[in-house]
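Take this structure, written in structure tokens, and hold onto it; I'll ask about it next.
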């Protein structure tokens, strides 16, 4: 178990409160003026990552106190328990070991005294063999045709991770077209499959329990579509399951050889590294899937061994705590300057908000301080023309991560230079702003006094620049793992359990009750608003 500690009672927290009152109104630009080398000091270079956090509202004292906070919250001990297989998901009595999925095959990772790596390696080999047989055409559909399309049916972590990665690695994709069905929306399901050929479509159903309402409903609809062409016995060639419920899988008609196991020590939102990522391996080939895992493992080792001052996930998490708990900033924007990462913010929303959106500490007490951060974002430069107005001139403080790449994948230098010019310009503009004097000078002899205040930018808007050489399977794996470990550090400091998700249960329970109401002639008891809404829906 993790050591419990209320962060607000630590010496570091109290010192940070005092420090905050002293520096909260200071403009970060003044720190650059005092120290021209600031841009080099607050950076971390690791492999092909260059992380510049110098444009944040921090100085040496801030970082020293934040690191002290991490120490007083027993972060080092927590990291060892995290990687060591301790049951740190205490409310569900589970280890949290998605890191084992990308560990070297000769590693030893124990859960309840048992080395789980032989099972992990066996599943990896099965993913490799299966994906290579599908891609090569060796494994065929019931009419003897090779597969052309793959449909992944899942929801939450069984959808967001694989969907994000397959989009991110589109440059590396093979001839297979991968589609994702998640929402229990019949229009979404039928729109996805309406142009597919059942003879050449492989369906991957991802559900640990094989009873998830949305996934099972969607799977049955796709099965019905398939049976208009094939027969019950043909299901065995076209349907694959990633699940633990062998009894339900057998009822569905899936060949036991086409079942890939899951483990309860891998949370759904951290499961893309497992057989949940089968659609990734099918899309880009197993070798690239393996590179994704290797990139994540490299970040695991950095996180586990680097001193906190030079540890990328730790620094990012400490900055998050600084803004969330001292500045009262409730959201963070994630802006990747590549269209390939257009699903990254949605993926991180689940990872961060489902993990750390908690109101109860590890002792079961109501939390009197802020925890989970609201995550949102879109790729640049699209985002600049959508919501950057709010970041630049709004009344909210929105710390922003900018993610960019030194090299494009297709080699169009002109486009890439324009893209990255915007990346650098936005972080500089958010730092510097534009003073009233600069606005007047810009207007020249024809100063419009009424317009001047509208053209002023206060600046001092915090940003972190994450510059990576190139978007590859390895660098993507490292990037995802970086944010995974950031989540962990935040949870340790906030004294919460990051790996359960009790907040999703109540809505599911009520939906089951309301579904019966929709079919019934009389409604069960609800509040007057819900009752009237149901009457309107049924009328």
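Only Cα pairs under 8 Å and at least 6 apart count here; give the relative contact order of the chain as a rounded whole percent.
In percent, rounded to a whole number, it is 18.
Would you mind computing Rg(Cα) / (2.2 N^0.38 Å) for the range 98-289, counting N as its residues? Each step should come with its number before you reach the end.
Details: Rg = 15.8 Å, N = 192, 2.2 N^0.38 = 16.2 Å.
Scaled against compact globular proteins, the figure is 0.98.
On a 0 to 90 degree scale, rounded to 10, what angle separates helix 505-519 from the longest Cα axis of the chain?
Result, in degrees: 50.
If the chain between residue 417 and residue 34 were fully stretched, how many nm would it gain, using 0.36 nm times the residue separation less the Cα-Cα distance?
Separation in residues times 0.36 nm, less the Cα-Cα distance, equals 134.8 nm.
Return the percentage of antiparallel bridges among DSSP beta bridges fully within the chain, rounded to the nearest 5 %.
Looking only at bridges with both residues in the chain, the antiparallel portion is about 35 percent.
Quick check: pseudo-label points 7 Å beyond the Cα along Cα→Cβ at residue 395 and residue 136, how many nm apart are they?
Taking the two extended label points, one gets 6.4 nm.
Also: Between residue 77 and residue 60, with labels modelled 7 Å along Cα→Cβ, what's the label distance in nm to one decimal, could you check?
Here the answer is 3.1 nm between the modelled labels.
Follow-up. How big is the Rg/Rh ratio for the chain, C-alpha atoms only, Rh by Kirkwood, two decimals?
1.00
With a 10 Å radius around each residue's Cβ, average the other Cβ atoms per peptide and rank 206-213, 432-439, highest first.
Listed from highest to lowest mean packing, they are 206-213, 432-439.
Sorted by average packing, counted as other Cβ atoms within 10 angstrom per residue and highest first, what order do 263-272, 136-145, 118-127 take?
Packing proxy ranking, top to bottom: 263-272, 118-127, 136-145.
While we're here: So what's the angle, to the nearest 10 degrees on a 0 to 90 scale, between helix 117-136 and the longest Cα principal axis of the chain?
70 degrees
Pulled fully out, how much extra length does the chain show between residue 506 and residue 14, if you take 0.36 nm times their separation in residues and subtract their Cα-Cα distance?
Contour length minus Cα-Cα distance gives 173.5 nm.
Based on DSSP, what percent of beta bridges with both residues in the range 111-231 are antiparallel, to the nearest 5?
15 percent
Normalising by the residue count of the range 185-339, find the relative contact order in percent from Cα pairs under 8 Å and 6+ residues apart.
Taking the mean separation of contacting Cα pairs over the length of the range 185-339, I get 15 percent.
Once the Cβ-Cβ distance between residue 304 and residue 22 is put in as r, and R0 is 35 Å, what FRET efficiency do you end up with, to the nearest 0.05?
0.55
Could you state the angle between the C-alpha long axis of helix 213-227 and the longest principal axis of the C-alpha atoms of the chain, as a value from 0 to 90 degrees rounded to the nearest 10?
50 degrees
Same structure, new question: Between residue 114 and residue 470, what is the spin-label point distance in nm, taking each point 7 Å from the Cα along the Cα→C-beta axis?
It is 4.3 nm.
Still on this structure, please answer the following. Ranked highest first by the average count of other Cβ atoms within 10 Å around their residues, in what order do 52-62, 316-326 fall?
Descending mean neighbour count gives 316-326, 52-62.
Helix-only mean residue ellipticity at 222 nm, the chain, DSSP H runs n ≥ 4 weighted -39,500 (n - 2.57), per residue, nearest 500. What is it?
-13500 deg cm²/dmol
If you rank 159, 517 by fewest surrounding Cβ atoms within 10 Å, what's the result?
517, 159
Once the convex hull of the alpha carbons of the range 1-79 is built, what does its volume come to per residue, in cubic angstrom?
100 Å³
Run the numbers on the range 117-274 and let me know its relative contact order in percent, using alpha-carbon pairs under 8 Å that are six or more apart.
Result for the range 117-274 is 26 percent.
Round to the nearest 0.05 the FRET efficiency obtained for residue 331 and residue 446 when R0 = 56 Å and r is the Cβ-Cβ distance.
0.90
Values quoted throughout were computed directly from the atomic coordinates according to the rules given, and no laboratory measurement underlies them. Note that the structure is a prediction, hence the values are computed from the model and not measured. Positions of Cβ are generated from backbone atoms using ideal geometry, with glycine treated the same way; all protein chains shown enter the neighbour counts.
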